[in-house]
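These notes are about the structure you will find just below.
The values are calculated or read from the model by the stated rules, or taken from the named source; none is laboratory data. The structure displayed is predicted, hence computed values, not measured ones. Every residue, glycine as well, gets a Cβ built from its backbone with ideal geometry; the counts of neighbours run over all protein chains shown.
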Amino acid sequence: MGTALITGATSGIGLELAWQLAEAHHDLVLVARSRESLTAVAEQLCQVAGVGVEVLPADLSTSEGLTAVAERLRLEPTVARATSSSEHARVGDVAARPIDLLVNNAGFAVGQVFVGGDLRQERRALAVMVSAVMELTHAALPGMVARGHGAILNISSVTALTAMGTYAAHKAWVRTFTEGLVSELRGTGVTATVVNPGLTRTEFHERAGMDETAWPDLAWLRAEDVASAALDAVRRGQVICTPSVRYRAANAALRAAPRWFVRRVAGHGSMRARYSRGAEE
């Protein structure tokens, strides 16, 4: 996979993907909002794994941040690069290399119901989890197709098959978008994979003010297991990856169930109490 660019690379599944790719000797371009967090992660990766790491601070909910990352993805191998928005964490030529694997991982729990919620939060979520996925993939693919190899890894969720508000809608779009890419990319040497994790132990739920005790321990996955399954799927050229047998069974049940039933038991109304309990603590 050569050089990988990962959005949302300083925490959760994104951070675990960075470590596993580094351990497999892939150079990295890490994208997140915090320059301080990016630098700390990059230094650790360089010291422990000995790979080249480029850090690119960017807020994907802004046009400036999205443009900076898209420009990096369009980089051709013969073009040297030195911009104020990008830094090296290790001496090397990572910043002059094209991207072989794009990981669209950045995202966050919206943390509210839609009716009466903050519309600015909804717009930001749409920008990060839908618009950025589309635009960064659009920037990366022409070079990958021209070189005859490359991969797109999009992080969706098992909620894509539920009716849990706008977060579920965004993740459903990511899943359908990825499947559409697979059809369009057939015969090019470029692959697209979508991963649908279930509940995963990261900072994700805490940041949204959600009550993690609302789910049993058995429901939770480890970030390292999700990342490992995702990268294995990319290497095999697998289109849809749902880590763990229990979540594959849940996916099958959601697909088979009548939609009225899904709306009743896995709709946004079922999340309201979890948001409320988290907010009260």
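List of remarks:
- Among the conditions (1) in contact with a Lys or Arg (Cβ under 6 Å, 6 or more places away or on another chain); (2) at pLDDT 95 or above, residue 69 misses just one, which is (1).
- Check on residue 161, over 23 Å from residue 256 (Cβ atoms) and aliphatic (A, V, I, L, M): no
- Hey, residue 99 in contact with a helix residue (DSSP H, G or I) (Cβ under 9 Å, 6 or more places away or on another chain), modelled with pLDDT of 95 or more and crowded, with 23+ Cβ neighbours inside 10 Å or not: yes
- Looking across the range 157-181, the residues that are under 16 Å from residue 239 (Cβ atoms), free of Cβ contacts under 8 Å to residues at least 40 places away in the same chain and hydrophobic (A, V, I, L, M, F, W, C) come down to 160, 172.
- Picking from residues in the range 36-61 that are out of contact with any helix residue (DSSP H, G or I) (no Cβ under 7 Å at 6 or more places or on another chain) and under 15 Å from residue 8 (Cβ atoms), the one that is surrounded by the most Cβ atoms within 10 Å (Cβ to Cβ) is 42.
- Condition met for residue 40 (among the small types (Gly, Ala, Ser), out of contact with any Phe, Trp or Tyr (no Cβ under 9 Å at 6 or more places or on another chain), over 24 Å from residue 135 (Cβ atoms) and at pLDDT below 90): no
- Hey, residue 227 crowded, with 19+ Cβ neighbours inside 10 Å and in a helix (DSSP H, G or I) or not: yes
- Pick from the range 103-154, criterion β-branched (Val, Ile, Thr) and at pLDDT 95 or above, ranking: farthest from residue 195 (Cα to Cα): 145
- Candidate set from the range 102-146 (those that are part of a loop (DSSP other than H, G, I, E, B) and in contact with a strand residue (DSSP E or B) (Cβ under 9 Å, 6 or more places away or on another chain)); member that is surrounded by the fewest Cβ atoms within 10 Å (Cβ to Cβ): 106
- Any hit, the range 237-251, residues being touching a Gly at 6+ places or on another chain (Cβ under 6 Å), in a helix (DSSP H, G or I) and at pLDDT 65 or above: yes
- A count restricted to the range 30-59 and to residues that are over 24 Å from residue 98 (Cβ atoms), among the hydrophobic types (A, V, I, L, M, F, W, C) and touching an Asp or Glu at 6+ places or on another chain (Cβ under 9 Å) stands at 1.
- Some residue of the range 252-270 being part of a loop (DSSP other than H, G, I, E, B) and modelled with pLDDT under 85: yes
- Residue list for the range 243-266, filter: touching a helix residue (DSSP H, G or I) at 6+ places or on another chain (Cβ under 8 Å) and surrounded by fewer than 12 Cβ atoms within 10 Å (Cβ to Cβ): 255
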